[in-house]
There are 2 protein chains.
Amino acid sequence: MENYSAFLTLVGSIIAIVFAIITAKKVMKYSEGTEKMKKIAQSIREGANAYLKRQYTVVSIFFGGMFLILGAMSLANLLTPYVPFAFLTGGFFSGLSGFIGMKIATASNARTANACREGLNKGLRVAFSAGSVMGFTVVGLGLFDISLWFILLKFVFKLEAAEITSAMLTFGMGASSMALFARVGGGIFTKAADVGADLVGKVETGIPEDDPRNPAVIADNVGDNVGDVAGMGADLYESYVGSVISAMALGVAAFAGDIKAASLPMVLAAVGVICSIVGSFFVKTGEKAEQKILLKALRRGTNLSAVLIAALAFPIVYFVMGKENINLYFSIIAGLVAGVAIGFSTEYFTSDTYKPTRNLAKKSETGSATIIIGGVGLGMMSTAVPIVIIAACVIAAYFFAGGFSSAAAGLYGVAVAAVGMLSTLGITLATDAYGPVADNAGGIAQMAGLEEEVRERTDALDSLGNTTAATGKGFAIGSAALTALALIASYKDQVVKVLSDLGTGETIDLSIMNPTVLIGLFIGACLPFVFAALTMNSVGKAAESVVVEVRRQFREIKGIMTGEADADYASCVDLCTKASLREMILPTITAVIVPIVTGLIFGYNGVIGMLAGATATGFLMAIFMSNSGGAWDNAKKYIESGEFGGKGSSNHKAAVVGDTVGDPFKDTSGPSINILIKLLSMVSIVFATLVVNYHIL
Amino acid sequence: MENYSAFLTLVGSIIAIVFAIITAKKVMKYSEGTEKMKKIAQSIREGANAYLKRQYTVVSIFFGGMFLILGAMSLANLLTPYVPFAFLTGGFFSGLSGFIGMKIATASNARTANACREGLNKGLRVAFSAGSVMGFTVVGLGLFDISLWFILLKFVFKLEAAEITSAMLTFGMGASSMALFARVGGGIFTKAADVGADLVGKVETGIPEDDPRNPAVIADNVGDNVGDVAGMGADLYESYVGSVISAMALGVAAFAGDIKAASLPMVLAAVGVICSIVGSFFVKTGEKAEQKILLKALRRGTNLSAVLIAALAFPIVYFVMGKENINLYFSIIAGLVAGVAIGFSTEYFTSDTYKPTRNLAKKSETGSATIIIGGVGLGMMSTAVPIVIIAACVIAAYFFAGGFSSAAAGLYGVAVAAVGMLSTLGITLATDAYGPVADNAGGIAQMAGLEEEVRERTDALDSLGNTTAATGKGFAIGSAALTALALIASYKDQVVKVLSDLGTGETIDLSIMNPTVLIGLFIGACLPFVFAALTMNSVGKAAESVVVEVRRQFREIKGIMTGEADADYASCVDLCTKASLREMILPTITAVIVPIVTGLIFGYNGVIGMLAGATATGFLMAIFMSNSGGAWDNAKKYIESGEFGGKGSSNHKAAVVGDTVGDPFKDTSGPSINILIKLLSMVSIVFATLVVNYHIL
């Protein structure tokens, strides 16, 4: 069985890619609508393309430099020769996932708007199909990369199981670096444009969202694509691949080099793809634009996929791992359940159908300061539930995998739980990625002056996107924590191996009272704070320049408010592009350098302390920032629906301030931290031999 | 030497108390000024007294309950019989420190305002003297409690050194519980009143700060006394005592029961008192109200004290610990230097003489949302410097104390560094506590309609108070981190002792990869977030009720705006009192229950993980929240000084929103977290025997 598992995975990946291609072709058959719609869509496309092109140029310099460093290290025997190449492919596929997602999203936004002219169901089909293309591209490319490397290393280079998984771990570093660039750069772009457009347009000038008179409106729509789509694509590629390869590595360690333990995560992921495809056929709705009905339509798809994989995981574990390891099945289920539970918690804290966000909306009555204090409090409070869920999941996955008799087996269980959580990523990502498409469609409908009911339909789709995005974020954050823990365990295994190869008798001392571990812990805990600050400041700086430019245009371009003169959209797009590319470099470089420097000073014990600290606070900060931001966004929407004074009231203005503060929280800093905590581990793993050989304390 | 050290400490404590009494008498000789001033001061006094009376009633129920629980546990042999009584005295003296501080502060606010009518120097003398009374009361009572218990346990009950320090650790739990109640309750009161008064008065109605027409103005001034004075007094009593007793306990552990290691922290603290008294004589200024000159006046006092103790610590270490342990001197110096360095970092990030806060003020130009984002970013970024300082301090203190050959000795070095940091608390607290007095004096000057120049002088004193408060906060946060680490080490020692007494062969496993440690770490890391959320939500709730009440009065009381009718101040004071007492209970109870529940489920390994996680994120959150809040406050003041549009501009309005958000950050949640992390350790220590005997995992 285990000998064929890589080929099975390859088949799964090809099915996913073919399904994505077929779906993309279907989407492209729809019309983009009127000439005006086409023109707007074209501008958005051009802006997004131009941005990504320049982003990839910048990123390729980083990748080139890292390739040389890794190459030099492998010549110095500090790395195996596969590492530099694995690093490149990880980065390449991660970037490609984002690129394809962006391509299809910018091709389907006008198509969705146009389909909404005919009916809600048709609109949902188009938007959801676009999301599916992205979802299945991500999982398809991920499995492709994994299975190809596995086949290459096992059947061509004929390596041992431990060598295979050890080499494969390093393409995770490529994927994570690329993802971080994409998330941070895209996140800064989208929020700088959004904040800039809102502050001058909505708050100062009082024109509606997506009004064509606003010079930043195209930049705002471009931002949705480069941040929420391309950034998310690269991000989730990294999560998916990271969870699978870390489970493979721990499996081989736990089962004394038995390749079957590396097969389980691959097979599970491949079968998950099929389950997701089946589920996606069940997503359709009627004509009533009620959120409940739409949500039910999407939930039908994701729930069905989850139930299918929950059922099929049992025979998979049975056949791959044998009867004696059947309890691993429950580790997988623990992961699945935890993902769903964190999703529910996110939804509870951020959806305006529940008390917390409604109470937050009410705080707008006493002004923007109280809604800000309330939102920060809400976000911080909301960390408690996911912490308990993850704690329960880790203990359960560890226990079922037999951790209390073998720690290595237990940690493998935790890693497998992460794979279980992400196994149906194809469809959960589809329901997530369709959001920005619907958002863009709404923008196009507004700018092209389509009928009011079209905008209502796109709004219904968009608002639903916020809820499904909450669920998606639950999976992303939960899996990030589990994968990060698995990667820390992999790092430890790596260090132990290098130490025993060295044979100096030096041993690892991970006691939390060891001062290097403790100081590492403090440094690591600090990183998410610094990282969040860097990215927020970047958004702030970029947004300020947009504000200044938009104000300038309103002041200098005569007739812009009456519609007689066109705004200069391109200058805003250009501003955001330059600012986000400039600003994305420091945070990413920081994430790469800190683990190396920490290791060289405080040694591997310090590194493990640092990773644990970063994972703990990173998890908390990601939840805090995502949930605060989500709740502010929905509190504002709740007021816009007519509650607490409705649109244009002073309460609404206060809520807009909250929403604006929340923008970088939820769409730039929060999601980037998920990548950060894994990148730190990946970098540590790649530089493990260096650090074990050279460290001061 | 070591046999007399407790008596020497007792003498030090008596000198401090006598000095406080003499200074208080001097302050009381000044006049309270006009009849109107006396009347206002009387209202503030009454409100503060009424609040504290009710607070102590609520708190005494908690203390009574805990006394019974601890008594029952000591009957069941889970605690020594001294513990319940030690717990009570810790709480009593902590409360008393706050009470006396509040008494002198409410007696000297009008006196300071009146002295400012005659000149700035005189105003400074009165305010600083009031601060000194509080500072020396805190250290005096702290040393009194310590030396008395030591003498009692050693010379009356004739206990062994280890038994003495173990019993003494538990009065830290009493002090910490009391401090948390005082900080949280007072913090909620002061910020609810402040936010409520500002939002309706300044923002909505446009009347100035401290305008007598504002119904919440007396409540605001009462709040300064019960929060910034009584809360801070109890808080720093706890820090001071906590650092000394944890160092004593670790010393006895490191030096195999040798009592001299317990003597060093006591003697150091006692001599620090004398240095502080000497320093305080050098605080005076000329008549020019320039911040630089005033700052120099205060700095002269604190710097002189620090230099004196740095010089005297050498002979102290030499005589108490002997020539062979002279390197401990450098551990003490590491602590002193770290305290000063963190203070500078705080000042750099929050003072408007430096770039970060000036840049933040500039962000007001693009509205309240960007200044909020900027302030959050600034606060998060500012965590990096103190983390590096504390890491360096811990490593240095550990190294000099010989930690790399004996871990116990190293940890003693860390604890001694904390004592070094706090040794001159008498004078640093004086420079800190005089701030609220000056603030209140300004309020009285405004309300009593004194000449413009009086208000200018009190403003100069107040604004300086913000800078010295920054330094004070640096010491409080830095020492909290070091003391918390020392307490974790004490907990570990306690667990090891109980385990060896039990003799079951069960051993401690503190590896960070042990799942119970790891889960404990996650839970602990989450606690400061939840705690901050609880306290912020409390402020929000209480402030909302104040806003509603103030709006009602403006609406219903005719002639309030023209000054023909008086506002109903008492109803606002009453509202704040009720709200803060109601809201302070949950956070404090949470802090007591979580360590016990965590221990019963995840065992002592889980508890240590939890304590480490809480200390790391608690330290970060405390810095983040304090510095964000401080920077917003000073950015607003910078604008009020005429920059970026000055008072009344739209930029100023945006900055007021920032300041309002920062209020609970810096004065409620941030400082409470410092106490939280120590209380968690203290509770864990007291319940150690219970947890070792009964735990699930």
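The values are calculated or read from the model by the stated rules, or taken from the named source; none is laboratory data. The shown structure was predicted, so the numbers you read here are calculated from the model rather than taken from an experiment. Backbone-built Cβ (ideal geometry, glycine too); neighbour counts: all protein chains shown. Note: areas computed on protein heavy atoms with side chains; ligands, DNA, RNA excluded. Shrake-Rupley method; radii C 1.70, N 1.55, O 1.52, S 1.80 Å.
Annotations
- For region B:140-248, convex hull of alpha carbons as volume per residue, Å³: 91
- Interface residues of region A:655-676, defined as those with an accessible-area decrease of at least 20 Å² between the chain by itself and the complete set of protein chains (probe 1.4 Å), are A:657, A:661, A:665.
- Among the residues of A:356-366, the average count of other protein chain beta-carbon atoms within 10 Å of the residue beta-carbon is 2.
- List of region A:529-550 residues, accessible area with partners at least 30 Å² below that of the chain alone (1.4 Å probe): A:529, A:530, A:533, A:536, A:537, A:544
- Its residues counted as N, region A:175-234 yields a C-alpha radius of gyration over 2.2 N^0.38 Å of 1.23.
- Qualifying trypsin sites (Lys or Arg not before Pro) in region B:152-241, DSSP loop, other Cβ atoms within 10 Å at most 12: B:158
- Region A:363-405: proportion of alpha-carbon pairs further apart than 12 angstrom, %: 68
- Pairs of Cα atoms farther than 19 Å apart, region A:440-576, %: 77
- Counting only alpha carbon atoms, the long axis of helix B:83-118 and the longest principal axis of chain B meet at about 30°.
- Full-extension gain in nm, residue B:593 to residue B:452, via 0.36 nm per residue minus C-alpha separation: 45.6 nm
- Among the GluC sites (Glu not before Pro) found in region B:428-515, those both in a DSSP coil and sparsely packed, with 14 or fewer other Cβ atoms within 10 Å of their Cβ, are B:451, B:506.
- Degrees separating the helix A:452-502 axis from the principal Cα axis of chain A, which is the longest one: 20
- Restricting the GluC sites (Glu not before Pro) of region A:540-572 to loop positions (DSSP other than H, G, I, E, B) with no more than 13 neighbouring Cβ atoms within 10 Å leaves A:564.
- Computing FRET efficiency as 1/(1 + (r/R0)^6) for residue B:282 and residue B:203, where r is the C-beta to C-beta distance and R0 is 45 Å, gives about 0.60.
- When you work out D = kT/(6 pi eta Rh) for the protein assembly as shown at 20 °C and 1.002 mPa s, using the Kirkwood radius from C-alpha pairs as Rh and the Stokes-Einstein form, the result is 67 µm²/s.
- A compact globular protein would have a Cα radius of gyration near 2.2 N^0.38 Å; the ratio found for chain B is 0.91.
- Karplus-derived 3J(HN,Hα), 6.51/-1.76/1.60, for each residue of region A:690-697, Hz, glycine and proline x: 4, 5, 5, 6, 10, 7, 7, 8
- The calculated Kirkwood hydrodynamic radius for region B:214-254 is 12.3 Å, given to one decimal from all distinct C-alpha pairs.
- Dimensions of region B:305-398 based on its C-alpha atoms, expressed as ranges along the principal axes with the largest first, amount to 62, 25, 13 Å.
- Net charge of Cβ neighbours under 10 Å - reference residue A:437; Lys, Arg +1; Asp, Glu -1: -3
- A simple spin-label model places the labels of residue B:158 and residue A:552 8.7 nm from each other, with each point 7 Å out along Cα-to-Cβ.
- FRET efficiency estimate (nearest 0.05) - Cβ-Cβ, residue B:565 to residue B:25, R0 41 angstrom: 0.50
- Distance from the Cα centroid of region A:356-384 to that of region B:624-678 is 18 Å (rounded to whole angstrom).
- Chain A - percent relative contact order, Cα under 8 Å, separation 6 or more: 21
- Contact order for region B:621-675, expressed relative to its length and based on alpha carbon pairs under 8 Å spaced 6+ residues apart, stands at 53 percent.
- Share of carbon and sulfur in the accessible heavy-atom surface of the protein assembly as shown [1.4 Å probe, %]: 63
- Expected-Rg normalisation [2.2 N^0.38 Å, Cα atoms] applied to region A:576-697: 1.46
- Largest accessible area first, the residues A:555, B:582 order themselves as A:555, B:582 under a 1.4 Å probe with ligands, DNA and RNA left out.
- Test item: Cα-centred dipole of the protein assembly as shown, Lys/Arg +1 and Asp/Glu -1 on Cβ, debye: 20
- Binning the C-alpha pair distances of region A:1-153 at 10 Å intervals from 0 yields a P(r) profile of 11, 28, 29, 20, 10, 3, 0 %, listed from the shortest bin outward.
- Cβ charges +1 (Lys, Arg) and -1 (Asp, Glu), total dipole of region A:511-653, debye: 220
- Where region A:460-606 is the region considered: accessible area per residue in Å², 1.4 Å probe: 32
- Chain lengthening between residue B:61 and residue B:36 when straightened (0.36 nm per residue, less Cα-Cα): 5.2 nm
- Three principal axis extents describe the C-alpha atoms of region B:575-630; from largest down they are 43, 28, 8 Å.
- Base-10 log of normalised Debye intensity for region A:363-464 (one unit scatterer per alpha-carbon) at q = 0.12 Å⁻¹: -0.76
- Among the listed pairs A:362/B:363; A:154/A:323; B:202/B:363; B:202/B:362; B:53/B:191, a Cα-Cα separation exceeding 23 Å is found for A:362/B:363; A:154/A:323.
- Each semi-axis of the equivalent ellipsoid for region B:58-140 is √(5λ) with λ an eigenvalue of the Cα gyration tensor; in descending order they amount to 42, 12, 5 Å.
- Region A:495-578: relative contact order in percent, alpha carbon pairs under 8 Å with at least 6 residues between: 17
- Computed with a 1.4 angstrom probe on protein heavy atoms, the B-A interface buries about 6000 square angstrom of accessible area in total.
- Take the Cα of residue A:54, step 7 Å toward its Cβ, do the same at residue B:307, and the gap between the two points is 5.6 nm.
- Reported value for region A:343-415: 82 Å³ per residue, from the convex hull of its C-alpha atoms.
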